[in-house]
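Down below is the structure, laid out as structure tokens.
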Amino acid sequence: MELHMHSHHWERRLPDWPAAAVSGFLAGAVLMVLELLWSTLITGASPWETSHMVAAIVMGPDAMQSGVFSLSVVAVALATHYVLGIVFALILAAVIAPFHLDSSIGMLLLTGVVFGALLYLFDFYAMVRFFSWFTDMRGWTTFAAHLVFGVVAALAYWKLEGRTLKS
């Protein structure tokens, strides 16, 4: 598996925006499922607590007063999560395309892992200044889920954009 490091110079190449948006939606869904499974299976928390935390980004901290199922809270959480996933995948595609980081599967996977790690740091060490309730979610499971998000977003983008990778 070659990384093709020598071929990664900037070139004016626009991303495939629709492919990036769909890849963000898909990667966001995978991340959401992982977060729900891990929070429920590993911590024994209610599967709806994470939904309340995500919904609180839009609805305010009062959305976290209860950890029980609420259709409106889950709907807002889903919309918020998917919008964020799409925005982050658009950013990822804006990095992949002009630097030809999709020239090999190894480079694509590395880009996804690095992006996922940076996204985790941004979400849980920068954005917690505004949304402090996410501080408690810091940890290896959330970090791993963000790595998975980056890899899934990168692979889905490559698959959907239809470019040929060199192996």
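The values are calculated or read from the model by the stated rules, or taken from the named source; none is laboratory data. All values reported here derive from a predicted model rather than from experimental measurement. As a convention, Cβ positions derive from the backbone with ideal geometry for all residues, glycine included, and neighbour counts pool all protein chains shown.
Kindly check whether there is at least one residue in segment 101-117 that is more than 14 Å from residue 15 (Cβ to Cβ) and charged (D, E, K, R). Checked against the condition, which is being more than 14 Å from residue 15 (Cβ to Cβ) and charged (D, E, K, R), segment 101-117 yields no hits at all. Among the conditions (1) assigned to a loop (DSSP other than H, G, I, E, B); (2) within 16 Å of the chain's Cα centre (by Cα); (3) not β-branched (Val, Ile, Thr), the only one that residue 112 does not satisfy is (1).
Residue 127 passes every criterion in (1) closer than 20 Å to residue 158 by Cα; (2) in a helix (DSSP H, G or I); (3) out of contact with any Gly (no Cβ under 9 Å at 6 or more places or on another chain) apart from (1). Can you tell me which residue is modelled with the lowest pLDDT among those in segment 112-167 that are aromatic (Phe, Trp, Tyr) and more than 26 Å from residue 19 (Cβ to Cβ)? By that ranking, first place goes to 140.
If the condition is being touching a helix residue (DSSP H, G or I) at 6+ places or on another chain (Cβ under 6 Å), buried (at least 16 other Cβ atoms within 10 Å of the Cβ) and within 23 Å of residue 140 (Cβ to Cβ), then segment 34-56 contributes 34, 35, 38, 39, 50, 51, 52, 53, 54. Exactly one residue among 41, 71 is at pLDDT 90 or above and farther than 22 Å from residue 92 by Cβ, and that residue is 71. Remark: residue 128 falls outside the filter, which requires a residue to be within 15 Å of the chain's Cα centre (by Cα) and either touching a residue at least 12 places away in the same chain (Cβ under 8 Å) or surrounded by 15 or more Cβ atoms within 10 Å (Cβ to Cβ) (or both).
Just a yes or no: is a residue in segment 97-113 surrounded by fewer than 21 Cβ atoms within 10 Å (Cβ to Cβ), of a type outside the set (Lys, Arg) and in contact with a Gly (Cβ under 8 Å, 6 or more places away or on another chain)? Yes - at least one qualifying residue is present in segment 97-113.
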